[in-house]
Amino acid sequence: MGLVEPEPVSPAYRSLQSRLAPALRLDPLMELIRDAATRLPVPPVTARSVWEAVDAATREGLLDEAAAELRRNAPVLTASDWARTFRDGVRTAYEDPARRLRERTTLLVLAATLTGEVAPADAPPGAAPYLDAAADALMALAETSTWCWAPHDRYAKARGEVLPDPDEPFLDLGAAEVASLLAWADHVLGPHLDTRVPGLRRRLRREVDLRVLTPFERTRDWHWIGLDGDAHNWNPWIHGAVLAAALLLTDDEERRARLVRLVVEGLDHYLAVLPDDGGIDEGVAYWWQGAGRLLEALDLLADAGGPALDARDLPVFGPLSKFPHRMHLAGDWYVNAGDAPARLWPDQPWHMLFQWGERLSDPDIRAHALACARGGPAVRPRAGLGRALTGLCDPHWRHALATTDVADGDAPWAARETWLPRVQVLVARETPGTAAGLTLAAKAGHNGERHNHLDVGSYWVALNGRPLVVDIGQPTYTAASFGPDRYQAWPLQSAWHNVPDPGAEQQPGPAHGADDVRVDLTPAATALHADLAAAYPAGLLHTWRRSLRLVRATADSPAHVLIEDHWTPDLATPVLLRHVLAGDVELAEGQAQVTADGHSLLITWDPERATALLEHRDLDDPLLRESWGERLTRLTLTVAGPSAGEPFTVRMEPVAVL
């Protein structure tokens, strides 16, 4: 089939305000969300029957983690570390300990909740160790000068200063994370905090009001709202935190309703830009921080207000919930476009995806969530306190995880092929329902995508779920990661993606993208065809036709992948065809063999038309090493002669490992 651009969808397809209109008038909304906290699936610590029903394995695992955390010193957040963003561009010096403080707080709140320990305010130290430690951690968060991450604080930049101003808080992802954490901690531990640390809850409310709720109300043109049509993952990430804080920390009923209405209005800006095929151009890792946060906010809204505030039946949420398993290769390996790691971070709230699979009656969503969570804890505290609490309070999830057995290599969610026309991503498998054999993933798209890399026309090849022809993924962020020097980072450049180099690198911006994109979806073969010429400097190429094809096995031929390139005009400089490989690579005349984890792929080409060069790149970035180990290899084929009216072809097929 050829690509046919889908028809535009009706606004009602994705408008929360349209779907919930009667309930969003102020008076009905105030009534709907009155006492909302009492209707949430997470009860306070005093509901001992709920917390004591948590299975022993989950409970003991969390308490062991919390005990280990108690033995460690609490992270210290310093002015010098925050200022490093402005001094040498290093973000992690501050963001890492800030994250560890949030994780410490989460663990200690969970431990105090599970044990139910409490003591009066005048009891000596040690009477309630987890509760006291949780209170100390909460107070430490309240006393930090800012919750904002330094690269985001535009107010500090405008002042020409290297420190934040507590009187001018900037509402970003860091502030949202802390506000959500404090809201859930107040909700679940509130009765015991009032007994042990009277006054702490009032302080937490004050800080969330000053740093998050008031700035959210007063500034209605935050860039992340997306008023200009450029809503991205910040939108649901921050709106979800504001929703939790409004419902759990705001006593003024009219203000609470106004905040909720603003949240719904803001989420609509994100919904408006979501592709109706469910594709996320930021990749699976950012699905959890964008689309996943949206789904969680919708769950919270429905829990708080009942059916009148339940918009989870909008059609867009079905394909959106399928995106993670559609991009799955095997284990923790995923198709990783843009700033996404090839190996998904393990600390995801898989219970949320499972719950949406239940709601949508979709066995593939459920099975994928269970398979990915199998072998680990039922909840992941590092994913956030609210997420951990909702997982702990879902006995159906914990039971399913404990009793469901998924055989290794079995992947019922793995379709023969998935084509997402809005983001122009194709995933094709040799055999549906399993990770066994070859998988080809390919993208067209453009170079103005969110978290973009210069990668129009790039592709992945995995064998038995293990990627061997790869996308490098996200390096550790610095202050330059989202500025004019973004593409100085080598993992983002087209020279380190599986794309041609016709004498120049690809160019950034939405104008530099693929044209005449078509797909063939047949039982025998699946292919993506695109003209890549516009991705390069204007005037360099007339056309660059690239075809990426997975050919399935027949009686006469094994399964293989074909990459065909044909360009006009013939160029004065040699054409370079790049291939980034993960594994041990052996080069011979007209072929290279890449091997990793017992899987081996043979890459062949016409040696009379191209010469080959291998370059090894040692990795010192910790994020890249988590995916690829110590190094990656780039195979460059130099095609010096004219295209002679026929494509240059590279073939890839599995070979036995000796």
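Worth pointing out:
- Restricting the first member to region 58-69 and to residues that are of a type in the set (A, V, I, L, M), and the second to residues that are part of a helix (DSSP H, G or I) and exposed (fewer than 13 other Cβ atoms within 10 Å of the Cβ), no beta-carbon pair is closer than 7 Å while six or more apart or on different chains.
- Boolean, LEU243 is buried (at least 21 other Cβ atoms within 10 Å of the Cβ) and within 18 Å of ALA302 (Cα to Cα): yes
- Close pairs (7 angstrom Cβ cut-off, 6 or more residues apart or separate chains): basic (Lys, Arg) in region 391-406, surrounded by 18 or more Cβ atoms within 10 Å (Cβ to Cβ) and assigned to a helix (DSSP H, G or I) anywhere: ARG398/THR58
- All of ARG343, ARG326 fail the test of being in contact (Cβ under 8 Å) with a residue 40 or more places away in the chain and over 15 Å from GLY376 (Cβ atoms), apart from ARG326.
- Positions within region 329-352 being outside any loop (DSSP other than H, G, I, E, B) and buried (at least 24 other Cβ atoms within 10 Å of the Cβ), in sequence order: LEU329, TYR334, TRP350, HIS351
- Filter result for GLU117 (in contact with a Pro (Cβ under 8 Å, 6 or more places away or on another chain), assigned by TED's automatic domain parsing to the domain that holds ARG72, of a type in the set (D, E, K, R) and over 26 Å from THR478 (Cβ atoms)): yes
- Count of region 570-613 residues, restricted to those that are part of a strand (DSSP E or B) and either more than 17 Å from HIS497 (Cβ to Cβ) or among the β-branched types (Val, Ile, Thr) (or both), is 21.
- Residues that are touching a residue at least 12 places away in the same chain (Cβ under 8 Å) and either outside the structural domain of ALA68 (by TED's automatic domain parsing) or acidic (Asp, Glu) (or both), drawn from region 91-114: GLU95, GLU103
- Restricting attention to region 429-458, the residues that are surrounded by fewer than 24 Cβ atoms within 10 Å (Cβ to Cβ) and not in a loop (DSSP other than H, G, I, E, B) total 3.
- Residues that are over 22 Å from LEU392 (Cβ atoms) and touching a residue at least 24 places away in the same chain (Cβ under 8 Å), drawn from region 19-57: ARG19, LEU20, PRO22, ALA23, LEU24, LEU26, PRO28, LEU29, MET30, LEU32, ILE33, ARG34
- Scope region 70-90; condition in contact (Cβ under 8 Å) with a residue 60 or more places away in the chain, out of contact with any strand residue (DSSP E or B) (no Cβ under 6 Å at 6 or more places or on another chain) and over 20 Å from PRO129 (Cβ atoms); matching residues: LEU77, ALA79, TRP82, ALA83, THR85, PHE86, ARG87, VAL90
- Count - residues of region 498-516 that are surrounded by fewer than 21 Cβ atoms within 10 Å (Cβ to Cβ), among the aliphatic types (A, V, I, L, M) and in contact (Cβ under 8 Å) with a residue 40 or more places away in the chain: 1
- Test: residue in region 169-187 that is outside the structural domain of SER481 (by TED's automatic domain parsing), of a type in the set (D, E, K, R), under 25 Å from ALA272 (Cα atoms) and not in a helix (DSSP H, G or I): yes
Quick grid of which residues meet (1) small (Gly, Ala, Ser); (2) closer than 27 Å to ALA504 by Cβ; (3) at pLDDT 95 or above:
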{"site": "VAL561", "(1), (2), (3)": "no, yes, yes"}
{"site": "VAL585", "(1), (2), (3)": "no, yes, yes"}
{"site": "ARG625", "(1), (2), (3)": "no, no, yes"}
{"site": "GLY641", "(1), (2), (3)": "yes, yes, no"}
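- Of all residues in region 213-251, exactly one satisfies the criterion of being outside any helix (DSSP H, G or I), farther than 15 Å from ALA36 by Cα and among the hydroxyl-bearing types (Ser, Thr, Tyr), namely THR219.
The values are calculated or read from the model by the stated rules, or taken from the named source; none is laboratory data. None of the values given here were measured: they were computed from a predicted structure. As a convention, Cβ positions derive from the backbone with ideal geometry for all residues, glycine included, and neighbour counts pool all protein chains shown.
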